[in-house]
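Written below as structure tokens is the structure these notes are about.
The values are calculated or read from the model by the stated rules, or taken from the named source; none is laboratory data. Every value quoted in this text rests on a predicted model; they were computed, and no experiment measured them. Counting neighbours? That spans all protein chains shown, and the Cβs are built from the backbone with ideal geometry, glycine included.
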């Protein structure tokens, strides 16, 4: 199960003004910092985050949508990357927080997000999380009839009112990988469109809930804007039926996330295409059904954080087999970038200390784990690699740090952030003793 890529563009380095460049030493530079020096100073594996890029990506999304529909809010999807420093930056920028678990809800509170600016999603919310969301005044997007009852029970127990939306599945296929499709007929998420009126009818009778909105989410890494038009049209037609049949007027329509990370080797539509695919039918149906003031919410994650981060690893053992197969073993693999080894995301890979040297071989970049699938990159055209070379995987911000693991007892990597030319360690490298925290011998 792998994504299709343009091999020529995958192996081609394309400078990006202010971010990716080859410096006077012939080294890769990211946001002005020499990647070889970063590896030497902080060690590897190392995640490097650009504060400036996070802010620019967020601001670009806000401007693109609000230029077309002013009352649009962007909620950052914490699941993409819950690095606290990034969450803090996005809160400063004005982003809402889209969270899934009690842990992410707690994170949003810790970094200072106002409760009314938090959106709690998820298909299996626990009662403690529901209680905290009610206490904070977060918007709870109910995912099932059972959960609707749970929210009402907890709100009544607390003698409070819960602010709710309901996640509706409009049944839309996006054409991406099957694991990223979240609005199929057989999906585990949300309440089917044809049962939606019944869900809102029940909610309207409840004394301890305030019906605020509706939410949907059709998938991840969507490289075609057309499914958004279909989904938005179906959701807005449903919102119209809520007003007509149940006299329910909503305040919020949340169309979820899924805008693809703009990897340089894919033909992702321009941001404006996504904007119009969502905003145009939203505006048209809002006027058609006379829905009044409506806030449009989007929940992007990868498209904000994805291109803001690179991953640095160091080459150890290099094998060049008689069969012609070549392997360069790095000091990190599926433990620090699981998506790469699954083939779900494919990353550009370059040798930071040999950027001006000719590409002499096609080689696989593997991790150190006792797992045959622990391969970060297959068949990459690179200079002659040897022990000590520093490799960079570009655009590694989304769904990497969020799903770190300690297979083979490798500690988690450090994370440094570039802030206006200065460097700050925002997550320290784990020590071996951290691996056993919370455990006891018998």
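For every residue, the table says whether it meets (1) closer than 20 Å to residue 123 by Cα; (2) at pLDDT below 95; (3) surrounded by fewer than 22 Cβ atoms within 10 Å (Cβ to Cβ); (4) within 21 Å of the chain's Cα centre (by Cα).
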| residue | (1), (2), (3), (4) |
| --- | --- |
| 197 | yes, no, yes, no |
| 205 | no, no, yes, no |
| 218 | yes, no, no, yes |
| 223 | no, yes, yes, yes |
| 227 | no, no, yes, yes |
| 234 | no, no, yes, no |
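Looking at 342, 348, which one is over 17 Å from residue 38 (Cα atoms), surrounded by 23 or more Cβ atoms within 10 Å (Cβ to Cβ) and assigned by TED's automatic domain parsing to the domain that holds residue 15?
Values: 342 fails: surrounded by 23 or more Cβ atoms within 10 Å (Cβ to Cβ).
Step by step, each of 342, 348 is checked, and only 348 is over 17 Å from residue 38 (Cα atoms), surrounded by 23 or more Cβ atoms within 10 Å (Cβ to Cβ) and assigned by TED's automatic domain parsing to the domain that holds residue 15.
Conditions first: (1) crowded, with 16+ Cβ neighbours inside 10 Å; (2) within 30 Å of residue 95 (Cα to Cα). Residue 59 passes all but one, so which condition is the exception?
Condition not satisfied by residue 59: (1).
If you take the residues in the range 261-274 that are in contact with a strand residue (DSSP E or B) (Cβ under 9 Å, 6 or more places away or on another chain) and either assigned to a helix (DSSP H, G or I) or in the same structural domain as residue 42 (by TED's automatic domain parsing) (or both), which one is nearest to residue 83 (Cα to Cα)?
271
Of the residues 166, 211, which single one is assigned to a strand (DSSP E or B), under 26 Å from residue 241 (Cα atoms), modelled with pLDDT of 95 or more and over 25 Å from the mean Cα position of the chain (by Cα)?
Criteria check complete, one pass: 211.
Having 2 or more residues that are free of Cβ contacts under 8 Å to residues at least 60 places away in the same chain and touching a helix residue (DSSP H, G or I) at 6+ places or on another chain (Cβ under 6 Å) is the bar; report the strands (runs of 3 or more DSSP E) wholly within the range 30-144 that clear it. Spell out the reasoning first.
Working: elements: 46-50, 72-77, 96-99, 118-120, 139-142.
Filter on the range 30-144 gives 96-99, 118-120.
Identify, by number, the condition in (1) modelled with pLDDT under 95; (2) within 25 Å of residue 27 (Cβ to Cβ) that residue 436 doesn't meet.
In the conditions (1) modelled with pLDDT under 95; (2) within 25 Å of residue 27 (Cβ to Cβ), residue 436 misses (2) alone.
Do the conditions hold for residue 326, that is, is it closer than 30 Å to residue 379 by Cα and either surrounded by fewer than 23 Cβ atoms within 10 Å (Cβ to Cβ) or not assigned by TED's automatic domain parsing to the domain that holds residue 211 (or both)?
Details: closer than 30 Å to residue 379 by Cα: yes; either surrounded by fewer than 23 Cβ atoms within 10 Å (Cβ to Cβ) or not assigned by TED's automatic domain parsing to the domain that holds residue 211 (or both): yes.
Considered against the rule, which asks whether it is closer than 30 Å to residue 379 by Cα and either surrounded by fewer than 23 Cβ atoms within 10 Å (Cβ to Cβ) or not assigned by TED's automatic domain parsing to the domain that holds residue 211 (or both), residue 326 comes out as yes.
Return yes when residue 358 is within 16 Å of the chain's Cα centre (by Cα) and part of a loop (DSSP other than H, G, I, E, B) and no when it is not. Reasoning before the result, please.
Working: within 16 Å of the chain's Cα centre (by Cα): no; part of a loop (DSSP other than H, G, I, E, B): yes.
Spelling it out, it is not the case that residue 358 is within 16 Å of the chain's Cα centre (by Cα) and part of a loop (DSSP other than H, G, I, E, B).
In the list 390, 425, which residue meets the criterion of being in contact with a helix residue (DSSP H, G or I) (Cβ under 6 Å, 6 or more places away or on another chain) and under 22 Å from residue 30 (Cβ atoms)?
Details: 425 fails: in contact with a helix residue (DSSP H, G or I) (Cβ under 6 Å, 6 or more places away or on another chain).
Residue meeting the stated conditions: 390.
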